[in-house]
1. For residue 171, are the conditions met, namely being among the small types (Gly, Ala, Ser), at pLDDT 95 or above and surrounded by 15 or more Cβ atoms within 10 Å (Cβ to Cβ)?
2. Report, by residue number, each residue of the range 74-90 that is of a type in the set (S, T, N, Q) and in contact (Cβ under 8 Å) with a residue 60 or more places away in the chain.
3. From (1) hydrophobic (A, V, I, L, M, F, W, C); (2) free of Cβ contacts under 8 Å to residues at least 40 places away in the same chain; (3) assigned to a helix (DSSP H, G or I), pick out the condition that doesn't hold for residue 298.
4. Within the range 93-112, track down each residue that is of a type in the set (Val, Ile, Thr) and more than 12 Å from the chain's Cα centre (by Cα).
5. Would it be correct to say that residue 337 is buried (at least 17 other Cβ atoms within 10 Å of the Cβ), free of Cβ contacts under 8 Å to residues at least 60 places away in the same chain and either at positive phi or among the basic types (Lys, Arg) (or both)?
6. Among the residues of the range 350-360, which ones are touching a residue at least 40 places away in the same chain (Cβ under 8 Å) and either farther than 23 Å from residue 276 by Cα or not assigned by TED's automatic domain parsing to the domain that holds residue 313 (or both)?
7. Could you say which residue among 319, 328 is free of Cβ contacts under 8 Å to residues at least 24 places away in the same chain and either in the same structural domain as residue 206 (by TED's automatic domain parsing) or not acidic (Asp, Glu) (or both)?
8. Do we have any residue at all in the range 185-200 that's closer than 21 Å to residue 338 by Cα, β-branched (Val, Ile, Thr) and either crowded, with 24+ Cβ neighbours inside 10 Å or more than 18 Å from the chain's Cα centre (by Cα) (or both)?
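The values are calculated or read from the model by the stated rules, or taken from the named source; none is laboratory data. Just so it is clear, the structure is predicted and the values come from calculations on it, not from any experiment. Methodologically, a virtual Cβ is constructed for each residue, glycine included, from the backbone with ideal geometry; neighbour enumeration extends over all protein chains shown.
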Amino acid sequence: MTYFDNAATTYPKPKEVYEFMNNFYKNYGGSYARGDYGLENSITRIVSDTRAKLKKLLKAENKSVVFTPTATIALNIIIQGLIKKNKEKKNVYISPFEHNAVVRILEYYKNQGEIELNILKVENDYTYNLEKLRYQFDKKKPDILIISHASNVTGIISPVEEISILAKEYSSFTVLDMSQTAGLIEINLNLEAIDFAVFAGHKTLYAPTGISGFLTKENMKLEPILFGGTGYDSANLEMPSSVPERYEMGTLNIQAIAGLNAALKWIEELKINNLYKKELYNRNKLKNILKKYNFIKIVGENDEANYVGIISFVVENISSESLAPIFSKKNIVVRTGLHCAPLAHKFLGTFPAGTIRLSTSYFNNDKDFKNLIILLDYIEENI
């Protein structure tokens, strides 16, 4: 199998992740924060160590780590919690590159009349002009800013630190969706301008599915939208006020956290900059291959911008969905369609047909690229 769908979930994982998870599942039992015995104490140490490793990697020593099963659940906790903080109608700003994990929440509250939804101005070369954003904010003050660190359609990286600092001048809450960048792109989450940062363990952090979450300031209290047991303050019938307990209801996925722990050790040893260099090398290799075919048009490309290992393209006169079976037949895993980001495709001019998306990881090799070339040659000769 040739795997180019790493933006959905990275595959394979480092061998250290498989080995540690296998050993952990065989030798550890119990639940986190649900007892005081040997195995439970070992689990507590793993969870605490994983939080500490995440904070170190993301330069977020002034933040708390909250674990959730998915990044979508993390975004729901944050966005709905912010909207419900008071009864006032809120001005929410998002980029045109946001995932439906963000957009569908906001569309619901917009239809309820609780928010006004605004799209950040993006230039024709897919970059931001901070002065134009300031003009937008002067006209309509932001209450909540939600922005993806990198697009899951084109891979372009946004200047989220600078935009967050600007939004903070207007006392806005700031939310970063780092699903495509956590563990891959250097960032300083210690910035006071960043209130929340969401990560997806199974993507660029190379952990298994089932473990994601967010980082937030200790004093940032949201209205809870999920309720349940926490193994803490059990006599209290309301959700605890402490973080992370306020947002970690139910049983944590301990095996997935163990996998994340192993992945973080691997990234720490490899170094985040080396991981990004390899992914960027693989993306450039993909780009150079695609540019050799006249029937292919790469979407959302700016040679002066920075990208993660995602690249989207369209084929002249052929829909992306109709090409999907050809890739599948040749055992090449890609993603076609709208990638849960219809706003991005409307901005890029590829709605409603969407694109073919290829996304690389640290583990793509020469054989993968050779198999892709063979397939593209076949399409050129036969379609």
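1. For residue 171, the condition - among the small types (Gly, Ala, Ser), at pLDDT 95 or above and surrounded by 15 or more Cβ atoms within 10 Å (Cβ to Cβ) - is not met.
2. Within the range 74-90, 76, 80 meet the criteria.
3. (3)
4. Passing the criteria: 94, 103, 105.
5. yes
6. Start the filter on the range 350-360 by keeping residues that are touching a residue at least 40 places away in the same chain (Cβ under 8 Å), which leaves 350, 355-360.
350, 355 - these are the residues of the range 350-360 that are touching a residue at least 40 places away in the same chain (Cβ under 8 Å) and either farther than 23 Å from residue 276 by Cα or not assigned by TED's automatic domain parsing to the domain that holds residue 313 (or both).
7. 328 is the lone residue from the list that is free of Cβ contacts under 8 Å to residues at least 24 places away in the same chain and either in the same structural domain as residue 206 (by TED's automatic domain parsing) or not acidic (Asp, Glu) (or both).
8. Scanning the range 185-200, I find no residue that is closer than 21 Å to residue 338 by Cα, β-branched (Val, Ile, Thr) and either crowded, with 24+ Cβ neighbours inside 10 Å or more than 18 Å from the chain's Cα centre (by Cα) (or both), so the answer is no.
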